[in-house]
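The values are calculated or read from the model by the stated rules, or taken from the named source; none is laboratory data. These numbers were taken from a predicted model, which means no experiment stands behind them. Here the Cβ is made from the backbone with ideal geometry for all residues, glycine too, and neighbour counts use every protein chain on show. These accessible areas exclude ligands, DNA and RNA; they are computed on the full protein's heavy atoms, side chains included. Shrake-Rupley method; radii C 1.70, N 1.55, O 1.52, S 1.80 Å.
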Amino acid sequence: MQKFKYTAVNLKKQKIKGTFIANDEKDLAAELAKQGLYVISSAPYSDKTPSAFFTLGTGKVSFNELTTFCRQFSIMQNTHIPILDCLDILRNQTFSTYFKKILQVIYDDVKGGLVLSEALNKHGKVFPEFFRSMVYVGEMSGKLDLVFTSLADYYEKDASLKRKVKGAMSYPLILLFMTVGILVLMFAMVVPTFRDSLSSLDVPVTGLTKTIYDISDFFALYWHFVVLAIMVLGLAIFAFLCTEKGKYVFDYLKLKLPFIKTVQLNIISARFARGFGLLLSSGMDLNEALDTIEVILGNRYFKKRFHAAADNVRHGTSLTVAFESYKLFPQIMLQMIQIGEKTAELDDVLTRSCDYFDSLVETSLNSLVAKIQPTMLLIMGAIIGTLFIAVYSPMLNIMTTLV
């Protein structure tokens, strides 16, 4: 038996599209004719995930599209539109071609009798595990509309958080590239020009000036090897960071390096508070919520320690004690979790604390930038000052001698 996608007309000459399981196209036409439908066109249909070629091989949809999908789905659910009709409307919205194909497959599966969570689980590489788990919880608890509203809020907040991080780090990166550009310009053009001028004056070159000239000569002779070495080193680092061990090491450094670790810990805390509160408020069991929340923590080193703490909770340890023993979160987070456990309102406490941790992230980011910017400027000034002294000191000596 094969599943076919068809376009047919009924006795009222209305076009109808759908899927049907039949032995072949001839059998399909015969079966549909029994229902008063006459096939215009048909083709074999696969309910597998469409090709991920146009997503650069990731097979994922963008978080912007996922957020829009959640928001629109929640609005329609709140107005009591049936799930199948919601999907029918959404598959015709202005999403990317790839996402529209995914929604078409999901629509056909739900129309064929699958519940939404089952249809989504067939596309595990497309939709995040956290998203799929929340949809399942929403179906089981009968709060699918609330879950989609919460998911839309969650992804919007998370996207805002990522934009703040990128925005905060953009200026220090610009300063870094400017410093490298100035170095290249000095060694490639300024230093050789001054050296040619001094050589005609037969001025002895010693000390720092000679060192700078030697560096300039080295780059002039072997610049292609230097560029090649930098490229090879960059590719080697990139390849290492693409491995699981490399990602783990990178995540470890992010939680250990001064200044950066505070920002990272606040980001993880904000995600945990929003995600864990959402899971618990939707009716998910505590242990299941601990398993699900690991997906969105975003740091492998932290996730490993969190998993160990979660095992302690499963063996009877309270959340506060387990998290404190592994030093996972800031003290203020531990205090809020303790209050939530004592009052049996952990989901409400975490949900209410989200804005506070978001503000902590912004404060720590501003503090990091405030420290990085003057540091980068000092480094840039020191480099330029050193080169200036090295290049101009022989000229100053000549002027002093003439006087």
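Assorted remarks:
- Checking each residue in the stretch 137-150 for being crowded, with 17+ Cβ neighbours inside 10 Å and either within 16 Å of the chain's Cα centre (by Cα) or not in a helix (DSSP H, G or I) (or both) picks out only LYS143.
- Qualifying position, being under 23 Å from GLY298 (Cβ atoms) and either in contact (Cβ under 8 Å) with a residue 24 or more places away in the chain or aromatic (Phe, Trp, Tyr) (or both), among PHE177, PHE194, PHE148: PHE148
Quick grid of which residues meet (1) free of Cβ contacts under 8 Å to residues at least 60 places away in the same chain; (2) in a helix (DSSP H, G or I); (3) open to solvent by less than 60 Å² (accessible area, probe 1.4 Å):
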| position | (1), (2), (3) |
| --- | --- |
| SER359 | yes, yes, yes |
| SER364 | no, yes, yes |
| ALA370 | yes, yes, no |
| LEU378 | yes, yes, no |
| ILE383 | no, yes, yes |
| ALA390 | no, yes, yes |
| SER393 | no, yes, yes |
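- Single condition SER160 does not satisfy, out of (1) surrounded by fewer than 17 Cβ atoms within 10 Å (Cβ to Cβ); (2) farther than 21 Å from CYS354 by Cα: (2)
- Breaking point among (1) open to solvent by less than 70 Å² (accessible area, probe 1.4 Å); (2) touching a helix residue (DSSP H, G or I) at 6+ places or on another chain (Cβ under 9 Å); (3) modelled with pLDDT of 85 or more, for GLU118: (1)
- Residues of the stretch 313-342 satisfying the condition of being open to solvent by less than 50 Å² (accessible area, probe 1.4 Å) and assigned to a helix (DSSP H, G or I): VAL313, LEU319, THR320, ALA322, PHE323, MET333, LEU334, MET336, ILE337, GLY340
- Among the candidates PHE225, PHE238, PHE272, the residue that is at pLDDT 85 or above, part of a helix (DSSP H, G or I), surrounded by 20 or more Cβ atoms within 10 Å (Cβ to Cβ) and not hydroxyl-bearing (Ser, Thr, Tyr) is uniquely PHE272.
- Some residue of the stretch 277-295 being part of a helix (DSSP H, G or I), in contact with a Cys (Cβ under 8 Å, 6 or more places away or on another chain) and open to solvent by less than 70 Å² (accessible area, probe 1.4 Å): yes
- The residue list THR211, THR179 contains one member that is part of a helix (DSSP H, G or I), at pLDDT 80 or above and under 29 Å from the mean Cα position of the chain (by Cα), which is THR179.
- Here ILE102, ILE106, ILE75 are screened, and the one residue that is assigned to a helix (DSSP H, G or I) and open to solvent by 70 Å² or more (accessible area, probe 1.4 Å) is ILE75.
- When the stretch 296-311 is filtered for residues that are farther than 19 Å from THR351 by Cβ and open to solvent by less than 50 Å² (accessible area, probe 1.4 Å), the ones remaining, listed by number, are GLY298, ASN299, TYR301, PHE302, PHE306, ALA308, ALA309, ALA310.
- Leading residue by the ranking (least open to solvent (accessible area, probe 1.4 Å)) among those in the stretch 245-265 that are charged (D, E, K, R), in a helix (DSSP H, G or I) and free of Cβ contacts under 8 Å to residues at least 24 places away in the same chain: LYS261
- The stretch 121-136: number of residues that are open to solvent by 10 Å² or more (accessible area, probe 1.4 Å) and in a helix (DSSP H, G or I): 5
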